[in-house]
1. Looking at (1) touching a strand residue (DSSP E or B) at 6+ places or on another chain (Cβ under 7 Å); (2) without any contact (Cβ under 8 Å) to a residue 40 or more places away in the chain, find the lone condition where residue 23 falls short.
2. Return the residues of the range 164-181 that are more than 16 Å from residue 77 (Cα to Cα) and surrounded by 17 or more Cβ atoms within 10 Å (Cβ to Cβ); say none if nothing qualifies.
3. For residues in the range 75-92 being in a helix (DSSP H, G or I) and touching a strand residue (DSSP E or B) at 6+ places or on another chain (Cβ under 7 Å), which is nearest to residue 53 (Cα to Cα)?
4. Among the residues of the range 155-165, is there at least one that is assigned to a strand (DSSP E or B) and free of Cβ contacts under 8 Å to residues at least 40 places away in the same chain?
5. Residue 108 is checked against (1) farther than 19 Å from residue 2 by Cβ; (2) out of contact with any helix residue (DSSP H, G or I) (no Cβ under 9 Å at 6 or more places or on another chain) and fails just one. What number does that condition carry?
6. Among the listed residues 136, 144, which satisfies the condition of being part of a helix (DSSP H, G or I) and either at pLDDT 95 or above or outside the structural domain of residue 85 (by TED's automatic domain parsing) (or both)?
7. Is it true that some residue in the range 93-103 is touching a helix residue (DSSP H, G or I) at 6+ places or on another chain (Cβ under 9 Å), in contact (Cβ under 8 Å) with a residue 60 or more places away in the chain and not in a loop (DSSP other than H, G, I, E, B)?
8. Looking at the structure I just gave you, is residue 99 surrounded by fewer than 20 Cβ atoms within 10 Å (Cβ to Cβ), under 18 Å from the mean Cα position of the chain (by Cα), in the same structural domain as residue 36 (by TED's automatic domain parsing) and within 23 Å of residue 177 (Cβ to Cβ)?
């Protein structure tokens with residue numbers, strides 16, 4: 001087995017597996033999307049009809065942080081896939097829920113990365129709408145609450161309070177759609193949190 005790095009897997013995955021997403025005007029592909037305001041970061045997120053996270057595990061990685069990452073990802077991604085080197089596949093099969101996709105990333109003799117689907121991702125049955133709302137900046141959460149007819153009391157307080165209030169007024173598919181629209185209109189990703 002040839003050693004792989006996160007960067008070479010990521011580059012090949014963008015080129016080979018996500019090319020059609022990059023070409024689609026109704027899809028946004030984001031590297032290093034913060035989860036729960038940066039406590040974790042998913043390697044790649046694809047936002048179109050749903051929010052799909054892709055976590056990369058190269059042969060040089062270990063899985064010591066993966067349980068806590070997985071716990072965070074399970075709460076906010078409608079679909080999740082792990083793109084992994086061969087040395088982690090067996091563990092991932094046993095440590096991930098059945099709905100989580102697993103994609104094998106193998107380095108060939110000439111250095112190219114080949115991808116094979118081990119398990120297709122399915123819809124996550126356990127999305128937490130409050131956790132998903134954490135993708136929104138505070139200003140966006142307030143604007144969304146206002147558009148949903150929230151009263152003035154629901155527009156006050158810390159971000160977590162706003163997310164809790166949102167969860168009372170919107171469904172997961174509606175929130176996912178709004179997040180996509182907001183992501184596509186953001187001009188400065190790292191600026192206003």
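The values are calculated or read from the model by the stated rules, or taken from the named source; none is laboratory data. These numbers come from a predicted model, not from an experiment. Cβ placement follows ideal geometry from the backbone for every residue including glycine, while neighbour counts extend to all protein chains displayed.
1. Going through the list (1) touching a strand residue (DSSP E or B) at 6+ places or on another chain (Cβ under 7 Å); (2) without any contact (Cβ under 8 Å) to a residue 40 or more places away in the chain, residue 23 breaks only (1).
2. Those that are more than 16 Å from residue 77 (Cα to Cα) and surrounded by 17 or more Cβ atoms within 10 Å (Cβ to Cβ): 165, 166, 170.
3. 76
4. If we filter the range 155-165 for residues that are assigned to a strand (DSSP E or B), which is where we start, we get none.
Checked against the condition, which is being assigned to a strand (DSSP E or B) and free of Cβ contacts under 8 Å to residues at least 40 places away in the same chain, the range 155-165 yields no hits at all.
5. Only one criterion in (1) farther than 19 Å from residue 2 by Cβ; (2) out of contact with any helix residue (DSSP H, G or I) (no Cβ under 9 Å at 6 or more places or on another chain) is unmet by residue 108, namely (1).
6. 144
7. Checked the range 93-103: at least one residue is touching a helix residue (DSSP H, G or I) at 6+ places or on another chain (Cβ under 9 Å), in contact (Cβ under 8 Å) with a residue 60 or more places away in the chain and not in a loop (DSSP other than H, G, I, E, B).
8. yes
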